[in-house]
Amino acid sequence: MTRAIRLTLLLIAIVLVQTTILPYLRVFGVVADLGLVATIAVAYREGPETGAIFGFAAGLSMDLFLQTPLGLSALAYALTGYFIGILQGGLLRRAWWVPPVLGALGGIIAGLLFIGIGALVGQEQLFALRSLRLVLLAAVYDAIVAPIMFPIVSFAIRGAGPRTTSEVGRPGW
């Protein structure tokens, strides 16, 4: 099975879990964003282009279940995936703290992009102090979920050789 098919199947599974199970696992009114965390893991493993493409697909899939403008999550996820993909070149591969830190950082970046772009396109209700609180709480939740999601994504893209120069000669996830 090709890497693209495995990533597509992973995305379908993530959307199913995100929409059916995670709404019942709310903590302080937020849920982990599996699509975003998977985007971060893909960008970390595969680089900025693949991270942005996967992020767009994951965000668009999540947008179908939200009441915000279609494409808002897709844009936020794609930009976050691209940024994390660029950032990953300078990170150590064996550090245990990388997935939680990237999960939190990606959650904050995507959340702020979602709020900022949403406010620009007429979603003024997103531009509130409550939204910032939710972004920070969701980022903590994403950081907790990241150590679980990174190995799952790595399993889905197994067999692919190192995609970035920083991975050559280093064991991946």
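Coordinate-derived values only; no laboratory data. Given the structure is predicted, the values throughout are model-derived calculations rather than measurements. Every residue, glycine as well, gets a Cβ built from its backbone with ideal geometry; the counts of neighbours run over all protein chains shown.
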**OP:** Take Thr68, Thr50 and order them by how many other Cβ atoms sit within 10 Å, fewest up front.
**Re:** Thr68, Thr50
**OP:** Would you mind checking which residues have amide H under 5 Å from Asp33's amide H? H placed 1.01 Å from N; only 5 or more apart, or other chain.
**Re:** Asp142
**OP:** For the stretch 1-134, take the alpha-carbon Rg, divide it by the Kirkwood Rh, and send me Rg/Rh.
**Re:** 0.96
Subject >> Selection from Tyr82, Ala95, Met62, by position along the positive dipole direction of the stretch 3-158 (Cβ) >> reply: Ala95
Original post:
Going by how many other beta carbons lie within 10 Å of each one, how would you line up Tyr141, Tyr44, Tyr24, Tyr77, fewest first?
Top reply: Tyr24, Tyr141, Tyr44, Tyr77
**OP:** Extending each Cα 7 Å along its Cβ direction at Gln67 and Gln125, get the distance between those two points in nm, one decimal.
**Re:** 0.5 nm
**OP:** Would you calculate a helix-derived [θ] at 222 nm for the chain, using -39,500 (n - 2.57) for each DSSP H run of n ≥ 4 and dividing by the full residue count, to the nearest 500?
**Re:** -22500 deg cm²/dmol
Original post:
What angle, in degrees between 0 and 90 and rounded to the nearest 10, separates the Cα long axis of helix 72-87 from the longest principal axis of the Cα atoms of the chain?
Top reply: 40 degrees
